[in-house]
1. Mind ordering B:371-381, B:149-159, A:161-171 by average Cβ neighbours within 10 Å, highest first?
2. Provide the per residue accessible area, probe 1.4 Å, for segment B:28-137, rounded to a whole number of square angstrom.
3. Can you give the angle from 0 to 90° between the axis of helix B:577-602 and the longest principal axis of chain B, with both taken from C-alpha atoms, to the nearest 10?
4. Given 5 Å bins starting at zero, what is the percent of C-alpha pairs of segment A:321-360 in each, up to the one with the largest pair distance?
5. Where nothing but the Cβ of Lys and Arg (+1) and of Asp and Glu (-1) is charged, how large is the charge dipole of segment B:28-137 around its Cα centre, in debye to the nearest 20?
6. Given N residues in segment B:224-365, what is its alpha carbon radius of gyration divided by 2.2 N^0.38 Å?
7. For the protein assembly as shown, restrict the atom set to alpha-carbon positions and state the Rg and Dmax in Å.
8. Taking the Cα centre of segment B:164-270 as origin, sum charge times position over the Cβ atoms of Lys and Arg (+1) and Asp and Glu (-1), and report the length of that vector in debye to the nearest 20.
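The values are calculated or read from the model by the stated rules, or taken from the named source; none is laboratory data. Just so it is clear, the structure is predicted and the values come from calculations on it, not from any experiment. Note that we place each Cβ from the backbone using ideal geometry, even for glycine, and neighbour counts take in every protein chain shown. When the accessible area is computed, the model is the full protein with side chains, heavy atoms only, and any ligands, DNA or RNA have been set aside. Shrake-Rupley method; radii C 1.70, N 1.55, O 1.52, S 1.80 Å.
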Amino acid sequence: MNKQGVFSLEGDRSKYPQPGADGKPEIDLSSHKYMKMWQGPNHPGITGNMSVELTVCADEVVEAKTHVGYLHRGFEKLMERRKYIQNFPLVCRIAVPEPDYNELNYATAIEKLTGIEVPEKGLWLRTLVAEMARLQGYLMWLGGMAGAVGFGTVGQWSNYLRDLILDRFEELTGARIYHIYILPGGVRNDLPEGFADRMEANLKEIEGFMKDINRVLFNNYVYKKRTVGIGYIDPAWIYPYGIVGPNARAAGSKNDVRKDSPYVKYPELDFGVNTATDSDIYTRSVLRYNELLTDVDLIRQILSKMPKEGDFIAKLPNMMNLTIPAGETYVRSECTRGEYGYYMVSDGSGYPRRVNVRGPSYTHAVALLEKMLVNANIADVAQIMVSLHTYPPEIER
Amino acid sequence: MGTTKDILSPFLVWKQFFRKPVTIKEPLKRQGADRYRGFHINDIQECIGCGTCESICENQAIDLVAVAGIDTKSGDSGLRPKVDYGRCCWCALCVDVCTTGSLKLTNVFTWVDTDPDQFRYIPGVDAKPWDNATKGYKKAASLELYPLERIPMQHLHPEERHDSFIEIIKGFSKEEALREADRCVACGICTATCPAHMGIPEYIKAIREDNVEEGLRIMYETNPLPEICGRICTHKCETVCSVGHRGDPLSIRWLKRYLADQVPASAYASVLKSDSIEKNNRKVAIIGAGPAGLSAAYYLGMMGYQITVFEKLSAAGGMMRFGIPEYRLPYDQIDKDINYILSLGVEIKYGVSVGKDITLEQLEKEYDAVFAATGLHDGRSTRIPGTNHSGVYQSIELLRKITLGEPIEVAEKIVVIGGGNVAMDITRSLARMQRQKYGKVQLIATSLETEDIMPADREEVVEAREEGAIIYPGWGPREIIVENDRIKGLKVVQCLSVFDEQKRFSPKFDESNENFFEADMVVESIGQGANLSYIPASYFEQLEKDHRGRVLVDTLTFQTKLPWLFMGGDIIEGPDVIHGIANGHKAAKGIDQYLNANREEKQ
Ligand code: SF4
Ligand code: SF4
Ligand code: SF4
């Protein structure tokens, strides 16, 4: 499991309980060999409102269980009781740091089932917010990742940089976090005057900082020591565990929804898929760092290719009365964490019959994490978890 | 890994020490972006209390509440939105959907208060520090959550219709009706203004759901003449429709017609459940088979009463049949509505004139109650010199004769005096007949009112012109010039204003600005009056009257001071069809109440 052998506890399993018939060790707590430890829900090393129940033997994890339920808001169920248009303020809350993919998927699902067409400019603006969301999402993750190994300063830098992008979100959409910018048929508003210039200044600043972050984090003995060879994801797990996005790409996968089933304006943009093979925490972080730089380039491309004029929203039927003929659709897009999907079923009424959100966090933070933490050192739990880049709100829809 | 470079590299970022801190030092003073979705403001004068913001709000953060100083009036519920910041998520969907555009969000987003109740407030009414903020979220011009444009109604072009009486309006196809019905935001502002308070958003919803039978049922709850109203109603609802504030109002009238057109007459009884009425043995007499009389007959009939309607003319419908030309309201559609009312067992005695053929006293004796809805059938005259010439006609008598198929004089050159809908009806009817007879139209219609304040519907004026009539608004008739017993024409002077400052009728003229319209025939169409001579003087004395001698009735029951006598329709309110229908409905309930109370007394 430990590819490069840095992690020392792997070797001799004899002092630990042997796996039973189901492949899991029999844990007898009364033997006093084991201890239960909770990582989270109140813990700086947890990625949000969830917790991991660890069973440790000395400082090695023998079993891990992800616990969710701290953040359950029942959005999927609530949506069945709201008109289609009324769900926009809900969907953006499903993955708090990246509302835009929810808005995009949900709007696209409605468009697919109703035949509403998005005008050209609307598609470009959707592409823009999708990449802005990715950029700020990676910046936020970068802070978390650095923080998990003790580099709080990088977290402060990257949060400042994320704030710059949130400033742009604020002037474009009217809100910093819950943008509610995408509606069926397009988006709610055009770019404000001078947006591209301000964005360019921000991108320059981000690039400047990225050089420093590269120096201080990825070319850092301590960081390497804590991440290289740790948190390995076996490429063989990709399909059985539903691993997507950077977690899969760092293990050699080339999957990227933007390329595999292109949507909005991605076919008109020039970019490659970042991949790597070492599949440990370090590889995943560098891959995300590279993607972040790709985003900077993509945002530049989008702003220069986007037409200045044109409608950004279609002429809509009455959204208060919208009914959708019975049918179903699955819409996917690539978020920072990989394939993000919306499965929507309509029954001909004005309310969705079912909306199922397929977020990568569900598989990554539950099944995959539970598997990866076995045999890990307690001290590495936090960075393994952060290296998977998961959002608890997205697990609990 | 573990190279010296990896140890030294982090120190290369030393210049970060000299960067200025980026922390916002005074967050409460930070300005939101120009389109920031912060706190609500509402232009309280512009807002009509339609409640559309309330219905879109997914958080139920808006309640429509009464506000001191804002009264309920036609087109304004008098309510205003109150927001609850314990629930609001600042999505601004309420702003996007606001029918008048009065509601906006400011870019102010910080507010500190220790009193939680402060966070529920009525924007625009409860003063807030951001009331004058100019920046903040406004709906983008091209974003509309519902279509503002009407689905155009197919109609006959002028050359297809100008020489015949075939119906002009073709009616919506199903697809068109569904699309037009989709535009409704179901606010109900129209219902409040409709004299009959029809369940408009409800029947429009039935159209959307393609449930025309349900739609018909909803219409008959308040209006038993939907084919007729669906064609010629004055549609006061449309003038207040909230969608009309920024776009075209819903075509409510045509949607009503669509519904009624969809259900075949043969299905009415089962759809409207008139096949299972429980009859009682009480008798009500109704005088006049116009909209008010027929409406009362329908609702009383549905309650099981035995109804006899006394109609002076040879057919039922009153002004609907004898006033409105066939190209607007075909007779078979009138018959569809009326035949259904007759199918309830309502009896109409045609050609019976109360006061002549049977007296009101007789009705009082023979019936438990009487509803008089005799309408306005006496044309008013301008009384200018020359009006007693035999070539001067009253529009209302000509229209009646046209319906009855009796011959009328159609001169080569005609002048019509009047600017109302009846004036347009006779103008357009005569224009057709001139074209049939002479192949061309030489007809002038002239009104006191200038075009902007002409009481006729705009489309009537436009279509009259399309059909060849010439409209000269803003002239006051002075004299019909007669030479050698032949009419030469009408002398008019310019009318400067029609109403005085108190909005009373008091026309002012510029006598020096004369004009002359050549004509061989003049038609007066300046209004109609009631003829209540069938009410014996001893009864009439007992009725309550206003200063102008109009009979006053109880506004809820339409009962007069003679408890058995109810009056309604144009003689009381209006004049128009829908007021008549509303009066008839209320009178039916009033009569039912009166007779039930009576019976209880007797028991
Ligand atoms: S902003 Fe959104 S949540 Fe707030 S009152 Fe308006 S519709 Fe409701
Ligand atoms: S939608 Fe607009 S006009 Fe209607 S009540 Fe709300 S604020 Fe007033
Ligand atoms: S027809 Fe107009 S006024 Fe009536 S409910 Fe619909 S939108 Fe409101």
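1. B:371-381, A:161-171, B:149-159
2. About 45 Å² of surface per residue is accessible.
3. 80
4. Reading upward from the zero bin: 7, 26, 23, 18, 12, 10, 4.
5. In debye, rounded to 20, segment B:28-137 gives about 400.
6. Working: Rg = 17.0 Å, N = 142, 2.2 N^0.38 = 14.5 Å.
Compared with the compact-globule rule of thumb, segment B:224-365 sits at 1.18.
7. Rg then Dmax for the protein assembly as shown, in Å: 39.0, 135.
8. Using Cβ point charges on Lys, Arg, Asp and Glu, segment B:164-270 gives about 280 debye.
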